[in-house]
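Taking it in order: structure first as structure tokens, then the write-up.
The values are calculated or read from the model by the stated rules, or taken from the named source; none is laboratory data. Remember, predicted model here, so these are calculated numbers, not experimental data. Glycine gets a Cβ as well: all are built from the backbone with ideal geometry, and neighbour counts include every protein chain shown. Calculation scope for accessible area: heavy atoms of the full protein, side chains included, ligands and nucleic acids excluded. Shrake-Rupley method; radii C 1.70, N 1.55, O 1.52, S 1.80 Å.
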Amino acid sequence: MTFKRRLSLFRPKTGVDQGAFEANRRLVDDINRRGILRGTLSLGGLVMLTGCEAGHDGAINSALRAVSELNDSVQAALFRPDHLAPTYSADQVLRPPRFNAFYGIDDVEAVDAKDWKLELAGSIATKKAWTLDDIYALPRQEMIIKHICVEGWDYIGQWAGVNLRSFLERVGADTKARYVAFKCADDYTGSIDMATALHPQTLLATHYAGEPLGDPYGFPLRLRTATKLGYKNPKWITAIEVTNVKPGGYWEDRGFNWFGGI
Ligand SMILES: Nc1nc2c(c(=O)[nH]1)N[C@H]1C(S)=C(S)[C@@H](COP(=O)(O)O)O[C@H]1N2
Ligand SMILES: [Mo]
């Protein structure tokens, strides 16, 4: 039995908006067709989608997690470090971006620029904290990419900021380490594999559509990687750690697929 078929066992049957579920499945199918996210990601996407609904059933959850962990290694093996995700044109950019978090937009606590600093931890030679002025002084890269949330929506966004690879090199991070983890001003955490951190389309974004990020979208600093789903892009980042110990993340700890991308 293929994983995709096995997964259909977890298709929600009751109490679920079937229309939304079908829309999500169409989106994931579409992503696969376009080759942005390849191979087993349809499994990952569906695990995440159905995982939400199965959240109260411990047995289903641990089964999903087992499939998901296998899927992580398959996805990591498929990762092509030089393969670029599609980019779009400026007239396709959504302004303002579409907001999402694990709470509503009215509960966003704005970060104060003067108190904010970026702390560094783990396998990094120069752990001096960065102020926003320090970050703004770095060369900026821009990209127009699609943000895809597992909830079944997407938008095209124009992000600019520091290329994460060049930042990691600048602070003397051990780029042979396996993971990069993020802490955020809310209770969110996230982590990515080093190959994704070093991918040319992975930024510490400070700007959206030519303006500093708005408060709900992660001011002053968020991750934006073109090769990962929405939840792998922490907003309101306050600390970065380079580590060989696999970190979790807010959604990953709740059963979402860890790799979450191509
Ligand atoms: N700090 C923090 N980062 C976060 C989240 C969050 O709740 N808190 N939600 C994630 C999810 S699930 C998505 S889809 C994107 C939403 O980003 P957007 O507001 O630009 O759409 O942020 C991701 N990063
Ligand atoms: Mo998301």
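Laid out as a table, the results:
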| item | result |
| --- | --- |
| Residue within the stretch 201-217 that is among the charged types (D, E, K, R) and in contact (Cβ under 8 Å) with a residue 40 or more places away in the chain present | yes |
| Of all residues in the stretch 223-244 being closer than 19 Å to Trp116 by Cα and open to solvent by 30 Å² or more (accessible area, probe 1.4 Å), the one that is farthest from ligand 2 (Cβ to nearest atom) | Glu241 |
| Of the criteria (1) without any contact (Cβ under 8 Å) to a residue 60 or more places away in the chain; (2) more than 16 Å from ligand 2 (Cβ to nearest atom); (3) not aromatic (Phe, Trp, Tyr), which one Pro247 fails | (1) |
| Criterion (within 15 Å of ligand 1 (Cβ to nearest atom) and either within 16 Å of Phe102 (Cβ to Cβ) or open to solvent by 20 Å² or more (accessible area, probe 1.4 Å) (or both)) met by exactly one of Gly172, Gly210, Gly261, Gly249 | Gly249 |
| Looking only at the stretch 83-142, and only at residues there that are of a type in the set (Asp, Glu) and assigned to a loop (DSSP other than H, G, I, E, B), the one that is farthest from Arg165 (Cα to Cα) | Glu109 |
| Pair list, Cβ under 7 Å, 6 or more apart: the stretch 225-236 residue closer than 14 Å to Pro81 by Cβ, other residue of a type in the set (D, E, K, R) and more than 6 Å from ligand 1 (Cβ to nearest atom) | Thr225/Lys232 |
| Residue match in the stretch 226-235 (condition: farther than 19 Å from Leu168 by Cα, assigned to a helix (DSSP H, G or I) and not hydroxyl-bearing (Ser, Thr, Tyr)) | yes |
| Residue in the stretch 180-190 that is in a strand (DSSP E or B), open to solvent by less than 20 Å² (accessible area, probe 1.4 Å), more than 15 Å from ligand 2 (Cβ to nearest atom) and more than 22 Å from Ile105 (Cα to Cα) present | yes |
| Test: residue in the stretch 207-222 that is among the basic types (Lys, Arg), within 15 Å of ligand 2 (Cβ to nearest atom), in contact with a helix residue (DSSP H, G or I) (Cβ under 7 Å, 6 or more places away or on another chain) and assigned to a strand (DSSP E or B) | no |
